[in-house]
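Read the figures in this text as sums done on the coordinates, not as results from a lab. What you see is a predicted model; the values in this text were computed from it and never measured. Virtual Cβ from ideal backbone geometry, glycine too; neighbours counted across all protein chains shown.
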Amino acid sequence: MQSVGIERIKCLIIGSGPAGYTAAIYTARANLKPVLYEGLQPGGQLITTTEIENYPGYYKGVTGPVMIDDFKKQAQRFGTDIRCGIVTEVNFSDKIHKVQIDNNKIIETETVIIATGATAKYLGLEDEKKYAGGGVSACATCDGFFFRGKDVAVVGGGDTAAEEATYLAGLCKKVYMIVRSDELRASKIMASKIIRTSNIEILWKHQVRGLFGDKGIVEGALLVKNKGEKDEEEIKIKIDGFFLAIGHKPNSDIFKKYIDTDEVGYIKTIPGTSKTKVPGVFACGDVKDPHYRQAVTAAGSGCMAAIDAERYLSDKN
Ligand code: NDP
């Protein structure tokens, strides 16, 4: 690990979603003088979320960016040092953990709170790369604007897909929802919203085979209906935008040399705690949660990580 500068701190928080900011609020109030690095997408997944109606306290609903800004201000109010930058390497082999930022600066820290969240998954089709920047997106709130009055498709049948489709329906002429099974995994309230929206058409039991277009711009998708069944058929839909909403991958790769993850990549913690197998390293939020993945559960686990870090330091000292 090469460095241009070394800084020694008590508590480093990696990530700036609800888990990271809640850990920051608690550790700052406990006088651990936390430093928080925001990472590649400051604010995490919430920054691309439209309306959040289920976070207690925001009884009128709130947008993701506003909520993140509130978390950030609250963390700053107690003195959290919030910085831009990404973690490029870690070394958890000693009592003092070393974390490299942006390939140069080294932070030496007694505790690390990992709150790096998860990233949108793609289907793995060559065409997703071919048409990247030409109509393929994993974020309707970021890119939906470009498809006003046009026809688009959303792949997936969970809450993210339902949310993206509803958002796009407000902007686009028509939204196809491509669902590989014959049911939506989305919550009942989101699913009924979809069914009630007249310009959303659900394509049940359809899978994507590829995309087609011209000069790197999407013009349509090639789908297969009832794959593997007697009546399997191939169909084409004309679309300008193709949105992925098929789940997320935990951002844990950089830590895998030192801490355990499950087969998908979710960080394993000692049940009922945020402790990883490395003393002084804690994990919270979506990077360790394959089950709930809500802003409020992420915030709760950020609080757990902060309390675990504080107790670790007071036991140690
Ligand atoms: P989910 O894992 O819940 O759903 C993924 C969807 O994508 C499923 O319909 C799944 O199909 C489909 N899918 C997965 N892989 C493929 C593939 N290769 N090809 C085609 N379809 C595929 O992920 P979400 O991101 O929707 O939600 C994650 C969590 O976040 C959930 O707990 C959800 O409740 C929560 N959430 C809550 C929101 C809110 O409350 N406002 C908003 C967004 C998310 P299948 O069902 O067949 O497996």
> Taking the Cα centre of the chain as origin and charging only Cβ (+1 Lys, Arg; -1 Asp, Glu), how large is the dipole, in debye to the nearest 20?
Replying inline: 460 debye
> Dipole of the chain (Lys/Arg Cβ +1, Asp/Glu Cβ -1, origin at the Cα centre): which of T261, A191, G85 lies farthest to the positive side?
Replying inline: G85
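When Lys and Arg each count +1 and Asp and Glu each count -1, what net charge do the other residues less than 13 Å away from V62, Cβ to Cβ, add up to?
Working: positive: K60; negative: E51, E53, D69, D70.
Neighbour charge sum, excluding V62 itself: -3.
Considering only DSSP beta bridges whose two residues both sit in segment 122-244, what percent are antiparallel, to the nearest 5? The partial results should precede the final answer.
Details: 14 of 30 bridges.
The antiparallel proportion sits near 45 percent.
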> Rg and Dmax of segment 122-244, Cα atoms, in Å?
Replying inline: 13.5, 40
> Dipole magnitude of segment 122-244 about its Cα centre, charges +1 at Lys/Arg Cβ and -1 at Asp/Glu Cβ only, in debye to the nearest 20?
Replying inline: 240 debye
> Given H placed 1.01 Å from N in the peptide plane, which residues other than close sequence neighbours of L211 have an amide H under 5 Å from its amide H?
Replying inline: D127, L222
> Which one of G228, S137, I217 is farthest out on the positive end of the charge dipole of the chain, using unit charges on Cβ (Lys, Arg +1; Asp, Glu -1) and the Cα centre as origin?
Replying inline: S137
> What cysteines in the chain have no other cysteine with a beta carbon less than 4.7 Å from their beta carbon?
Replying inline: C11, C84, C172, C284, C303
> Using only the Cα atoms, what convex hull volume per residue in Å³ does the chain have?
Replying inline: 149 Å³
> Net charge near G157, counting Lys/Arg +1 and Asp/Glu -1 over other residues with Cβ under 10 Å of its Cβ?
Replying inline: -1
